[in-house]
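Comments concern the structure below.
Computed from the coordinates by the stated procedures, all read-outs in this text should not be read as laboratory data. In this text, all values refer to a predicted model and were calculated from it rather than measured experimentally. Every residue, glycine among them, receives a Cβ derived from its backbone with ideal geometry; neighbour counts consider all protein chains shown.
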Amino acid sequence: MNAKTLMEKIGLPVFKYLTLILGVLVAVLPLLVIFFGSFKTGTELRTTGPFDLPQNWLNFSNYIQAVDRGNMLLGFFNTTIVLVVSVFGTVMVGSMTAYVLNRFDFKFNKLVMALFLIAALVPGVTTQVATFQVVNALGLFNTQWSAILLYMGTDIISIYIFIQFLDSIPKDLDEAAIVDGASYFTIFTKIILPLLKPAIVTVLIIRGVAIYNDFYTPFLYMPKTSLGTISTALFRFKGPFINQWEIISAGIIIAMIPTLLVFLFLQKYIYNGLVKGSIR
Amino acid sequence: MKRTYQTIVVALLVFMMIISAACTTPTAAPTKAAEPTKAAEPQAEPTKAPEATKAPEPTAAPAKPSGTITVLTNRTDIVDTVFVEYAKKFNEIYPDIKVEFEALRDYVGEVQIRMNTTDYGDVLLIPDTITLDKLSDYFLPLGTVADLDAKYNFVMSGKYYQDQVYGIAMTGNFQGVACNKKVFEAAGITANPKSPEEFIAAMQLIKDKTDAIPLYTNYAAGWPMTQWEGQVQSVSGDPDYNAIMAHMDAPFSPGEPHYIIYKLLYDLVKAGLTEEDPTTTDWETSKQMIADGKVGCMVTGSWSITQYQGLAKDPADIIYIPFPSNKDGKIYAAAGGDYNVAVNKNSKNPEAAMAWLWWFLNESNYAYDQGGIPPLKTAELPSTLDSFKAANVIFVANNPAPAGEEAFWSNIDKEAETGLWTEKPGQRIIDAARGATTESFDDIMNELNAKWAAARVKLGIK
Amino acid sequence: MENIQKSTKPFVTFSRRTKKQDQIFTMILFLLAPILLLFVFTYIPVFNMFGYSLNKWDGYSKAKEFIGLQNYIELFTRPELFRVFGVSIYYFVASFIQLALALYFATILSFDVRLKNFFKGVLFFPYLINGVAVGFIFLYFFKPDGVLDLIMVSLGLGDYVQQWLGNRAIINYSLAGVSIWRYMGLNFVMFMGAIQSIPSEIYEASSLDGANRWQQFKHIIFPSIFPIISLSLLLAIRGSLAVFEIPYIMTGGANGSSTFVIQTVDMAFKNQKFGLASAMAVVLLLITLILAGVQNLIFKDKNAGSN
């Protein structure tokens, strides 16, 4: 009995913290060596161990090279444009669809809903073979519209999230407005949209993370160097910098900075948002 | 209420316009894309005709072409330096053409994806995976075979179909093996190996007597594997070999060029004479290693010589020897065009694109700077060729396939998925030799033979 | 649904025609763009894909050659095209480890732990990192004489150092490991959310009954979050069939790390065999749909409840 309580009092917590620390090490070490490496010079990186601290923490030359030769700023610019436009579009499209499907009583609502439901099951990456032809036929290849419309058009999760959220908004609110003679437009923009704010935040986060990190869409549809996003710009580091891990490291860190900042400031929303979004 | 209603309508209309704008771009694009083809046909003739006949002096053009062109290149290493200089010089003659470069990391892989659309730059390099009969689907004709062959090297072995030439080699390579002279001296290798056996023995000497890795395959980079395919003509010594191969049932059997080449690669890896972990190596590092004498030899075309020399303390440390094989005592070396420069059929500025193409071939000195055989037959040969001339090496350039059979070889290769000009066969052989897979060398050869034969049957090529 | 019908009654009598018209107008306006996008970027590609799969087509020629089921026959008679599904097994097994780890960390972090938010954040953060960055980070990590080798040497495990990406027998373990590293955080946060939604009175009651942590886990936590665990598992199966990004970025599919999706896109864009590639995509789509059907069957009750 005594041994058991001792075990529970000390043994378990020790084990618990040991595993947690181990988990943290596994999560952090690969990132830490990259962070160190990004401040080292080329020869320093080759001659010192990955865990050795950089000699000069203010050596930003790798960062300058990564930004300058690696088109990272352009990447941020393009990513931002694509992200802002497509997330705005997703929110509009998603909330409008959800509003009609949730609040209107039309015969073919179920059909529309089913169409979206089935579409959600199609794994995007498999249909690229055919999607590519559609994008090309529309003349969208090598334009930002290809990525923007694809992100808007293939996102079903946000419609779900909006519908789920609409379920929780009492219908009395719209009804009262209808009685007041408001149009459905007004109801949507004046009443529904403001109430959807938490759902919009969720969609912003899910889509924001997904689009910021997406590699294949820009890689396949916007190969032009001037349309490079963060992902594709970083991917191209493999060519000219393949032997310069210090510059690649700087590029990795640059790509991670916005993610880290957003994470630190929006932690709570991110946890909630991603959990909601991943349960289809 | 009414006001807000209006603003909402406006807001939504704006939104709908964004969407419809996106949807109208497509309708606009095809017409734009269609225009150049219309314009290209009448224009292509005059541009190519005067340029082709009096190319070195591109004067007296009635109206100089203008516009922005995108030039795709595989040279990620010099796109921001040497190519920018080229553009400056080009602009002295054609001030109204803005040249933009795009260097593709995995050139063939990336350009192939883009070639499924109309947007693959204005001037580009023809990937060898495009079969000859499809050239006219992608590129503008540059002239007739007879006209251009009189003037340019490697036209006959290059990208033409039914008497129309679609691309001209930007430089000419010859095939051999790059080695570090100091390593050879330290290992006590005095004469250049002339057969696979002699070569293996020499590599063994390097392993035994030096710290250098005898031969570096560059497996991980993929494309260096294709350099072995380039040796086929060095081994066969027969300029018609590819045409013959298209009619062979078992071109991967003992005694045939591919077998000899692949066997050498296999034996080298099997004997531990290559890098220990081939999958994580990287090409840029290997260049420095051969320059520093940490690597003995690398099987790469002549185009690589200047790159190694540029990194070596003394450029003379890098020597280039013929591929270790002989036919009745005579040593051959395959020679052929590098990537062919061509103009996109869908180019919006075909005149400007043509102007760049001819200027790049005739004036830029790219080939000479890279130590290759220049495109113009009249141009001076680089000093990298001296060593080969001294060894009495006979250069073999591919003869054209008989009329009607131009696409046979590449079609079989594609249908059989043998991918002889890809990294596939080389990587597979290395994997087998280092024990990463269980297949034996003869298993691989038998399968290649079977696939080759089956593809010929399927395509009806006897 | 019933709610709406009931509620519409009062105003229907109020101004029947205009309201109905307004509703139709609004509906058309609101659904036009979404349905257009849905068809253009999902349904048309899927239907085209079925069409392509019955043709021999290089992707750009105007002429397609109808060859019936030839592509499917080729696909099913070439075992090497199917062999890549074997690679999925590595990721599939890895997803069990991933879920187990996520469950473990979610459980211990749901109770009293110092620096709870720190641990939660650090364990979750890898999920947010850009995929290309993740690929590069681990290329560096697995390099010969790289980070992993150094760690192993310093732990006295130097003899076990491997060519992590060079050895064909190991590469897929390494890549699946990267997959665990990248995706564990998401499952972990999902599980944690689910555990925290268990009313705390249940724990308190069980503590009074003298249940220890393991018993609490076994009898309270695990059963109450079982639905989300099995849902995660099904998603993991679907995910392991569609593995693409990590191997594509890290190895390009070389050295036996190619997956079915990599093979499909290469078949289309590099071999220009759009017909065969479409047939491959159709097969994968059908497998995915079947799995989704299974998922729906299992979770029918739950869905009905939430609606």
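Here are the numbers:
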{"quantity": "Euclidean distance of C-alpha centroids, the range B:255-307 and the range A:211-268, integer Å", "calculated": "32 Å"}
{"quantity": "Selection from C:Val132, C:Ser224, C:Val87, by position along the positive dipole direction of the protein assembly as shown (Cβ)", "calculated": "C:Ser224"}
{"quantity": "For chain B: relative contact order, % (alpha-carbon pairs under 8 angstrom, 6 or more apart)", "calculated": "24 percent"}
{"quantity": "Exposure proxy ranking, count of Cβ atoms within 10 Å, fewest first, for C:Ser278, C:Ser200", "calculated": "C:Ser200, C:Ser278"}
{"quantity": "Percent of C-alpha pairs per 10 Å bin, the range A:70-238, short to long", "calculated": "10, 33, 31, 18, 8, 1, 0"}
{"quantity": "Check: the range B:147-281 dipole with +1 on Lys, Arg Cβ and -1 on Asp, Glu Cβ, in debye", "calculated": "360 debye"}
{"quantity": "FRET E, pair A:Ile81, B:Asn392, Förster distance 60 Å, beta-carbon r, rounded to 0.05", "calculated": "0.45"}
{"quantity": "Helical segments meeting 20 Å axial Cα length and Kyte-Doolittle 0.0 threshold in chain A (DSSP H)", "calculated": "A:12-37, A:72-103, A:197-213, A:245-278"}
{"quantity": "Exercise: per-residue mean of other protein chain Cβ atoms within 10 Å, A:34-46", "calculated": "1"}
{"quantity": "Projected label distance in nm at B:Ser195 and C:Val93, using a 7 Å step from Cα toward the beta-carbon", "calculated": "4.8 nm"}
{"quantity": "Cα→Cβ-extended label distance, 7 Å offset, between B:Glu447 and A:Ser168, nm", "calculated": "5.5 nm"}
{"quantity": "Distance in nm between pseudo-label sites at A:Ala176 and A:Met113 (7 Å out along the Cβ direction from Cα)", "calculated": "2.6 nm"}
{"quantity": "Sites A:Thr19 and B:Ala221 - FRET efficiency at Förster radius 41 Å, r taken between beta-carbons, to 0.05", "calculated": "0.50"}
{"quantity": "Percent of alpha-carbon pairs separated by more than 22 Å within the range B:155-242", "calculated": "46 percent"}
{"quantity": "Per-selection Kirkwood Rh - chain B (Cα, Å, 1 d.p.)", "calculated": "24.0 Å"}
{"quantity": "With eigenvalues of the C-alpha gyration tensor scaled by 5 and rooted, the range A:2-62, Å", "calculated": "41, 9, 8"}
{"quantity": "Lysines with Cα under 23 Å of C:Lys20, excluding same-chain neighbours fewer than 8 positions away", "calculated": "A:Lys107, A:Lys110, A:Lys171, A:Lys190, B:Lys2, C:Lys6, C:Lys9"}
{"quantity": "Shape box of the protein assembly as shown [Cα atoms, principal axes, largest first, Å]", "calculated": "98, 82, 58"}
{"quantity": "Whole-angstrom gap from the range A:60-125 to the range C:44-114, using each part's C-alpha centre", "calculated": "23 Å"}
{"quantity": "Per-residue mean of C-beta atoms belonging to partner chains within 10 Å, peptide C:235-244", "calculated": "2"}
{"quantity": "C-alpha center-to-center spacing [the range C:163-203, the range B:421-462] in angstrom", "calculated": "39 Å"}
{"quantity": "About the Cα centre, charge dipole magnitude for the protein assembly as shown (Lys/Arg +1, Asp/Glu -1 at Cβ), debye", "calculated": "3980 debye"}
{"quantity": "Principal-axis tilt of helix B:82-93 within chain B, Cα atoms, nearest 10 degrees", "calculated": "50 degrees"}
{"quantity": "Listed peptides B:406-419, C:131-144 by packing density, highest first (mean Cβ within 10 Å)", "calculated": "C:131-144, B:406-419"}
{"quantity": "Helix-only CD estimate at 222 nm, as mean residue ellipticity for the protein assembly as shown, using -39500 (n - 2.57) per DSSP H run (n ≥ 4)", "calculated": "-18500 deg cm²/dmol"}
{"quantity": "Anisotropy class of chain C from Cα gyration tensor, a/c 1.5 cut", "calculated": "oblate"}
{"quantity": "Peptide A:204-215, shielding by other chains (average Cβ, 10 Å cutoff)", "calculated": "2"}
{"quantity": "Order by protection proxy (mean Cβ within 10 Å, highest first), peptides B:280-290, B:182-192", "calculated": "B:280-290, B:182-192"}
{"quantity": "Efficiency of FRET from Cβ geometry, C:Lys116 and C:Thr18, R₀ 56 Å, rounded to 0.05", "calculated": "0.50"}
{"quantity": "Relative contact order [Cα under 8 Å, 6+ residues apart], the range A:2-62, whole percent", "calculated": "28 percent"}
{"quantity": "Relative contact order computed over the range B:318-392 (Cα-Cα under 8 Å; 6+ residues apart), in percent", "calculated": "24 percent"}
{"quantity": "Positive dipole terminus of the protein assembly as shown, leading residue within C:Gln70, A:Asn102, C:Leu284 (C-beta point charges)", "calculated": "A:Asn102"}
{"quantity": "Calculated SAXS-style log₁₀ I(q)/I(0) at q = 0.18, 0.20, 0.21 Å⁻¹ - the range C:205-279, Debye, Cα scatterers", "calculated": "-0.78, -0.87, -0.92"}
{"quantity": "Calculated P(r) tail over 23 Å for the range C:85-258, as whole % of Cα pairs", "calculated": "50 percent"}
{"quantity": "Cβ-based charge dipole, chain B, positive-most Cα from B:Ile126, B:His247, B:Ile97", "calculated": "B:Ile97"}
{"quantity": "Members of B:Lys159/B:Lys287; A:Lys268/C:Lys143; A:Lys224/B:Lys151; B:Lys89/B:Lys313; B:Lys263/B:Lys327 lying beyond 27 Å, as alpha-carbon distances in this model show", "calculated": "B:Lys159/B:Lys287; A:Lys268/C:Lys143; A:Lys224/B:Lys151; B:Lys89/B:Lys313"}
{"quantity": "Residue-by-residue Karplus 3J(HN,Hα) for the range B:409-420, coefficients 6.51, -1.76, 1.60, Hz, glycine and proline x", "calculated": "4, 5, 5, 5, 4, 6, 5, 6, 6, 6, x, 5"}
{"quantity": "Choice from C:Thr259, C:Thr107, C:Thr77 showing the highest fluctuation, given a GNM over chain C with Cα pairs closer than 10 Å", "calculated": "C:Thr77"}
{"quantity": "Cα pair count fraction exceeding 16 Å, expressed as % - the range B:178-227", "calculated": "43 percent"}
{"quantity": "All-pairs Cα distance distribution in the range B:256-394, expressed in whole percent, bin size 5 Å", "calculated": "2, 8, 14, 16, 17, 16, 12, 8, 6, 2, 0"}
{"quantity": "Residues with amide H under 5 Å from that of B:Ala103, placed H, sequence gap 5 or more", "calculated": "B:Thr73"}
{"quantity": "Distribution of pairwise C-alpha distances over the range A:167-264, 5 Å bins, in %", "calculated": "2, 11, 14, 13, 12, 9, 8, 8, 8, 7, 5, 2, 2, 0"}
{"quantity": "Within a Gaussian network of chain A (alpha carbon springs, distance under 10 Å), most fluctuating of A:Ser146, A:Ser86, A:Ser226", "calculated": "A:Ser226"}
{"quantity": "Cross-link partners of A:Lys40 among aspartates and glutamates (Cα-Cα below 12 Å; sequence separation of 8 or more within a chain)", "calculated": "A:Asp52, A:Glu246"}
